[in-house]
1. Filter region 47-72 down to the residues that are within 17 Å of Asp10 (Cβ to Cβ) and of a type in the set (D, E, K, R) and list them by number.
2. Please specify each residue of region 164-215 satisfying the condition of being closer than 17 Å to Lys5 by Cβ and among the small types (Gly, Ala, Ser).
3. Cβ contacts < 6 Å: first residue in the same structural domain as Pro32 (by TED's automatic domain parsing), restricted to region 62-73; second residue not in a helix (DSSP H, G or I), any location; separation 6+ or different chain. Result?
4. Any idea which residue in region 118-135 is surrounded by the fewest Cβ atoms within 10 Å (Cβ to Cβ), counting only those that are free of Cβ contacts under 8 Å to residues at least 60 places away in the same chain and aliphatic (A, V, I, L, M)?
5. Which members of region 21-49 meet the condition of being touching a strand residue (DSSP E or B) at 6+ places or on another chain (Cβ under 8 Å) and at pLDDT 95 or above?
6. Which residues, counting only those in region 150-163, are at pLDDT below 95 and either buried (at least 18 other Cβ atoms within 10 Å of the Cβ) or touching a strand residue (DSSP E or B) at 6+ places or on another chain (Cβ under 7 Å) (or both)?
7. Out of Ser166, Ser112, I need the residue that is among the hydroxyl-bearing types (Ser, Thr, Tyr), touching a Ser or Thr at 6+ places or on another chain (Cβ under 9 Å) and within 22 Å of Pro49 (Cβ to Cβ). Which one?
Amino acid sequence: MNKIKVVIFDLDGTLANTLPLCIAAFRESVEPLINRVVSDEEIIATFGPSEEGTILALAPNHYEKGVSDYLKYYDTLHDMCPTPFEGIEEILSDLKNKRIRIAMVTGKGKYSTEISLKKFGLAHFFEIIETGIPSGPRKAEAIEIVLDYFKPLKKEEVIYVGDAPSDILASRKAGVRVIAAAWAETAEPDKLQELKPDELLYTMNDFKDWLNLNI
């Protein structure tokens, strides 16, 4: 088996427990615009596109204000998630020190991604960052862009790390191995296991041990 030379990370639920923050920011921004309560399930059902896509789905008549307010609340409420998962920064530093190249492919929009990476102080670790778009999921396409960026490295030398079933499907479509990250409280390990990722890891220590054996 080829040693790993590139690690591509998801953000929400993989680097940090940001999903509750996202939901809170959506609720604060959308509910006043549409004058009703929005459930967690209703918000999560729109995920796949970037946050702009969620605003389009929930408050299509208030798109510009909805997006503006979302980013404002995402920033001001970020103390809900002040740090990445314990151990993530150490892992990123270790990868960098070992000359493993690091990328990010996230469904988040560009601006919220920038907010979180700045709050966490992690932006400098990522050589290339591909974010989501309003019109729909694009992770498989984004992984392909990252693979093209890292040529002539082979797909077998790349691993994607993400917490959602859609991450496994996107990785398969792009032809790269995938680690299903089940260390967030929002992870659904049974759903991840059903899709047979290359690895299903439950803790940051498990991830660290796996990397030590494969890089």
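The values are calculated or read from the model by the stated rules, or taken from the named source; none is laboratory data. Bear in mind that the values here come from a model prediction, so they are computed numbers and not experimental data. Backbone-built Cβ (ideal geometry, glycine too); neighbour counts: all protein chains shown.
1. Of everything in region 47-72, just one residue is within 17 Å of Asp10 (Cβ to Cβ) and of a type in the set (D, E, K, R), namely Glu51.
2. Ser171, Ala174, Gly175
3. Gly66/Ala59
4. Among them, the one singled out is Ala123.
5. Pass one, region 21-49, residues touching a strand residue (DSSP E or B) at 6+ places or on another chain (Cβ under 8 Å): 22, 48-49.
Matches in region 21-49: Cys22 only.
6. Correct list: Leu153 only.
7. Working: Ser166 fails: touching a Ser or Thr at 6+ places or on another chain (Cβ under 9 Å).
Result: Ser112 is the single residue among Ser166, Ser112 that is among the hydroxyl-bearing types (Ser, Thr, Tyr), touching a Ser or Thr at 6+ places or on another chain (Cβ under 9 Å) and within 22 Å of Pro49 (Cβ to Cβ).
Results for (1) within 27 Å of Lys151 (Cα to Cα); (2) of a type in the set (Gly, Ala, Ser); (3) in contact (Cβ under 8 Å) with a residue 12 or more places away in the chain; (4) in the same structural domain as Val146 (by TED's automatic domain parsing), shown as yes or no for each residue.
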residue: Ser39; (1), (2), (3), (4): no, yes, no, no
residue: Ala45; (1), (2), (3), (4): no, yes, no, no
residue: Glu52; (1), (2), (3), (4): no, no, yes, no
residue: Ile88; (1), (2), (3), (4): yes, no, yes, yes
residue: Asn97; (1), (2), (3), (4): yes, no, no, yes
